[in-house]
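Please treat every number below as a calculation from the coordinates, not as lab data. From a predicted model like this one, the values you see are computed outputs, not experimental measurements. Methodologically, a virtual Cβ is constructed for each residue, glycine included, from the backbone with ideal geometry; neighbour enumeration extends over all protein chains shown.
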């Protein structure tokens, strides 16, 4: 891998990929954090908010799977440039929607484009880094997504929406992506090993069927764990602003007010990224993936159960600690289940497809249908009770992690 032969080269490439992925996060989550403003204009209830999340997540999953197959054939760089450019355009157009139907159609198309970025960018980052640092590099990608798309997004977008309207939030969120696409065009090169694999199988060579990849034990288990992980984070992210809020008519339970709400969500999602880095550091140091994921699931389940059963009048410090622990421990799962374990379980020529497959299933069933189901439950049973859903998902994830084949990571290259 000539492109990653020096520390400076691979760090620069990873930093560029992190910036792109963070901006994807900003655009993806804009509709979630602008949700109360959008709901007010279009007259949506919580079920309607869940419907938007469902449409977007299904499209994201399909895009991830399709781009994975294309990237294994043609390389990751062309996919990043094409889908990155489409993402910039559709993100801006989201702010022009005149009706809820048009808005959902635009966000669905955007989901296809952003999903098309995921599997190529995760594998580009993983192959760019040395083997002994790959789990941590993938976790850094998730941290970039979280910092730009989840931590900075709530106060930024909420402030813009309050001052200039929610449409302006979409315009501002979309702008920087075009710049990053140009930077990738100028400075990013395909990792050598991955490029060779892509060329070898892009000229009529025999390729592994998708069904055979999915039947690989650690791939299908990772896909199921991805459902659990994404169901957890998107249940909190989509409905967190409503749950924490003071508007009882829209499901407010903890009755927080003002900037405390987006700040709490930002701290929680930052905890998700920090937890991912901490647990993947352990996974890189030990070479084990299975035990790290299993213990992370169990710890997240404990904190999630505490959070789900807190009374409405609980002191804010206790509320924040329970949310922080829930997100910190659960943050270990996505980097490993989506970005690392599936790719390590298959031939390198099929790594992007394996990643895209695990993510597609997690997006559609976890971020999509689970979030939609939680919205439907919230309408009838109350929003606070629905936080028991991600607690159950964490228990299921721990059982799935126990069933993984514990393939030791390659640590032959220095950090």
Inset, instruction - With N denoting the number of residues in the chain, provide Rg(C-alpha) divided by 2.2 N^0.38 Å, to two decimal places. - result: 0.92
Inset, instruction - Compute the separation of the alpha-carbon centres of the range 356-396 and the range 93-166 and state it in Å as a whole number. - result: 20
Inset, instruction - Rounded to the nearest 10 degrees, what's the angle between the helix 76-93 long axis and the longest principal axis of the chain, both from Cα atoms, 0 to 90? - result: 20
Legend entry - Kirkwood Rh, angstrom, the range 280-393 [1 / mean 1/r, Cα pairs]: 15.8
Legend entry - the chain - mean residue ellipticity at 222 nm from DSSP helices (-39,500 (n - 2.57) per run, n ≥ 4, rounded to 500): -24500 deg cm²/dmol
Inset, instruction - With springs connecting C-alpha atoms under 10 Å apart, model the chain as a Gaussian network and identify which of 318, 172, 38 has the largest mean-square fluctuation. - result: 318
Legend entry - Nearest 10 degrees, 0 to 90: helix 46-74 Cα axis against the chain principal axis: 10
Legend entry - Overall form of the range 1-145 per C-alpha gyration tensor (a/c, 1.5; a/b vs b/c): prolate
Legend entry - Principal axes of the range 232-341: Cα extent on each, largest first, Å: 48, 21, 19
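Place the peptides 76-86, 346-356 in order of packing, highest mean first, counting for every residue the other Cβ atoms within 10 Å and averaging per peptide. All intermediate terms of the calculation are to be shown ahead of the outcome.
Details: 76-86: 21.5, 346-356: 25.8.
Averaged packing, sorted descending, gives the order 346-356, 76-86.
Explain nothing, just the number: relative contact order of the range 45-198, from Cα pairs under 8 Å at least 6 residues apart, as a whole percent. Could the numbers behind the result be given before it?
Details: 177 pairs, mean separation 54.1, N = 154.
Over the range 45-198, the number comes to 35 percent.
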Legend entry - Residue order, fewest to most beta carbons within 10 Å, for 10, 220: 220, 10
Inset, instruction - In a Gaussian network model over the chain where Cα atoms closer than 10 Å are linked, find which of 322, 334, 163 has the largest mean-square fluctuation. - result: 163
Inset, instruction - Report the residue, chosen from 313, 344, 114, that carries the largest GNM mean-square fluctuation when the chain is represented by alpha-carbon nodes joined by springs under 10 Å. - result: 313
Legend entry - Gain on full stretching of the segment that runs from residue 263 to residue 376 - 0.36 nm per residue minus C-alpha separation: 38.0 nm
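If R₀ is 41 angstrom, what is the calculated FRET efficiency for the pair residue 211 and residue 182, using the beta carbon separation as r and rounding to 0.05?
Working: r = 38 Å, r/R0 = 0.94.
So the FRET efficiency works out to roughly 0.60.
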Inset, instruction - Can you tell me the 0 to 90 degree angle between the C-alpha axis of helix 134-146 and the longest principal axis of the chain, rounded to 10? - result: 30
